[in-house]
Amino acid sequence: CSNSDFIYCKSFGAYPKQGIYLFSILILCMNDYIKFLIILFLSVVQVLLVITVFNWWVDPYGIFHVAEYDPKKPIWVSKQLRLAKVHRLKQLKPQGIVLGSSSSQLGIDPSHPGWDQDVYPRYNAGLPGASLYETFRFFQHSQAVSHPKQILIGLDFITFNIFYSLSNDFNESHMAVSKEGKPQDSFSNNFFLPLLSMPALKASQRKLFYVGEGTHYSNGMENPQVKGRGLSNNRGAMVGTIKKVVFNLVMPPPGHRFCLYDGGGNNPNFLYLKKILEISKENGSDVRLFIQPAHAFLMEVLRVLRRMEDYEKWERELIAIVEDVNNRYAESREFPLWNFGGYNSLTMTEIPPPEDPTRSMNWYFDIPHYKKSLGDLIQDRVFNFHQTGRVVPEDFGTLINSKNIDRHQKVQKLKQRDYMKTYQEDIKELTEKVNTTEKNIRLFDCNQLASRLQIKS
């Protein structure tokens, strides 16, 4: 082509010079853009690699660098306790486990000599605020990784509330099995979350700059000194937390309601407990159940809130479940149900008087949480263990069943009256605080609320 504005190419024919120049500029721009993307990609990969290596090195959940199993050695455990304990159970494959809420985690030492000596290692899988469903799922997880020979289960009345919600950090996708009992293994949950997530990075920072003893012992028991529990077991920890007990424990958020049964007389929490016992029977596990010995102040809170009838129904329902399972598996060892709660010489421990409010309490940190010293007495009774110099009060720990529950509850009512007479001023202050708190809670009817839940579901 003779036109000077065109360039001839054998392969493609004639093209305008202006188009060729624009194409060249476009190629150059695209090359710069591609270079930018490559640099950006490599930079992101480099940052992610640094974060991954940092989280792997710090290992905030104890997944990649397995801690030595020394029951007396304090170790740091992330606030994402459920994730950390899931992986700890996988690593240890314990032959003995403790299940329950923060009361179990804080007060029950699985290193107690009453356990069978061949049951080793042992691990406290108790969790703060654990619902019955969470306890059931951790039980399933432990069965999948080790088939524990002995299981000690602490039972709390408040966790059987049908409005008791799951904890925010509970994620059952980390479990070895699904709720149906089928194996599950999520690469994203076992790799991405511990190494690349923002919570993992924050947990690594907290662990790296943490000063002091570990938050827990390597057997899963909480170290009480970390949260200052040992410094707060005084009058303020008892009387000063009554509002919290009502608003957060007995009637938890968001609705601040308590119902033991729905409109149809059902409660799924009893079914979860029943499943735990049935699976344990089938696997030949030795299970011991006990009702937690919360301070008698909790019983007084229930009395003022008109929940004592529910509490007695709860005791009877527990008995019915345990006896039903024992009868259906008659060839195996019976699972005992011990009651350490209610009113006895230890749960009725005097709280520090107004004249000496900072005096430390015996046996208790606060209303629902007891000390290891009391937890040892629980295990002495449950495992029929006798420690020289340590005596379990005769009225602390009663085996309850369908034959003695009527008499037991009558005795409890008599002791309750005695307690109210002995500590009239404390009970008066408690009653005023509970009534004041209850005024801020909307009236509700369990049957109507349950009906709404059923419609929504």
* Asked: Within the range 329-374, can you find the residues that are in contact (Cβ under 8 Å) with a residue 24 or more places away in the chain and farther than 28 Å from VAL391 by Cβ?
  -> TYR329, SER332, PRO354, PRO357, THR358
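Out of curiosity, is LEU132 closer than 29 Å to PHE444 by Cα, crowded, with 20+ Cβ neighbours inside 10 Å and in contact with a Ser or Thr (Cβ under 9 Å, 6 or more places away or on another chain)?
Answer is yes for this residue.
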* **Residue among GLY255, GLY265 that is at positive phi, in the same structural domain as GLU309 (by TED's automatic domain parsing) and either within 20 Å of the chain's Cα centre (by Cα) or surrounded by fewer than 17 Cβ atoms within 10 Å (Cβ to Cβ) (or both)** => GLY265
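Within the group LEU374, LEU298, LEU346, which residue is part of a loop (DSSP other than H, G, I, E, B) and either out of contact with any Ser or Thr (no Cβ under 7 Å at 6 or more places or on another chain) or at positive phi (or both)?
Numbers: LEU374 fails: part of a loop (DSSP other than H, G, I, E, B); LEU298 fails: part of a loop (DSSP other than H, G, I, E, B).
Sole residue among the options that is part of a loop (DSSP other than H, G, I, E, B) and either out of contact with any Ser or Thr (no Cβ under 7 Å at 6 or more places or on another chain) or at positive phi (or both): LEU346.
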* Would you confirm whether any residue within the range 305-319 is in contact (Cβ under 8 Å) with a residue 12 or more places away in the chain, in a loop (DSSP other than H, G, I, E, B), within 23 Å of LEU152 (Cβ to Cβ) and out of contact with any helix residue (DSSP H, G or I) (no Cβ under 7 Å at 6 or more places or on another chain)? => no
* Scan of the range 377-417 for residues that are outside any helix (DSSP H, G or I), within 19 Å of GLY107 (Cα to Cα) and hydrophobic (A, V, I, L, M, F, W, C), ordered by number -> PHE383, PHE385, VAL391, VAL392, PHE396
* Structure fact -> For the range 95-113, pairs from a residue that is in the same structural domain as HIS295 (by TED's automatic domain parsing) and without any contact (Cβ under 8 Å) to a residue 24 or more places away in the chain to a residue that is among the acidic types (Asp, Glu) and part of a strand (DSSP E or B), with Cβ under 6 Å and 6 or more apart or across chains, are none
* May I ask you to list the residues in the range 275-287 that are surrounded by fewer than 19 Cβ atoms within 10 Å (Cβ to Cβ) and within 19 Å of the chain's Cα centre (by Cα)? => LYS275
* Structure fact -> Apart from one, (1) under 27 Å from PHE365 (Cβ atoms); (2) part of a helix (DSSP H, G or I) all hold for ARG288; the odd one out is (2)
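Looking for something exposed (fewer than 11 other Cβ atoms within 10 Å of the Cβ) and over 29 Å from the mean Cα position of the chain (by Cα) - is there at least one such residue anywhere in the range 368-388?
Initially, the range 368-388 is screened for residues exposed (fewer than 11 other Cβ atoms within 10 Å of the Cβ), giving 384, 386, 388.
Checking which are over 29 Å from the mean Cα position of the chain (by Cα) leaves us with 386, 388.
Yes, the range 368-388 contains at least one residue that is exposed (fewer than 11 other Cβ atoms within 10 Å of the Cβ) and over 29 Å from the mean Cα position of the chain (by Cα).
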* Evaluate the following for PHE138: is it touching a helix residue (DSSP H, G or I) at 6+ places or on another chain (Cβ under 6 Å), hydrophobic (A, V, I, L, M, F, W, C) and closer than 25 Å to LEU260 by Cβ? => no
* Structure fact -> When the range 128-175 is checked residue by residue, the ones that are touching a Gly at 6+ places or on another chain (Cβ under 8 Å), within 23 Å of LYS79 (Cβ to Cβ) and among the hydrophobic types (A, V, I, L, M, F, W, C) are ALA130
* Asked: Restricting the range 111-140 to residues that are of a type in the set (A, V, I, L, M) and either within 20 Å of the chain's Cα centre (by Cα) or not in a loop (DSSP other than H, G, I, E, B) (or both), which is nearest to LEU277 (Cα to Cα)?
  -> LEU132
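The values are calculated or read from the model by the stated rules, or taken from the named source; none is laboratory data. Not measured: the values here are computed from a predicted model. All Cβ positions, glycine included, derive from the backbone under ideal geometry; neighbour counts span all protein chains shown.
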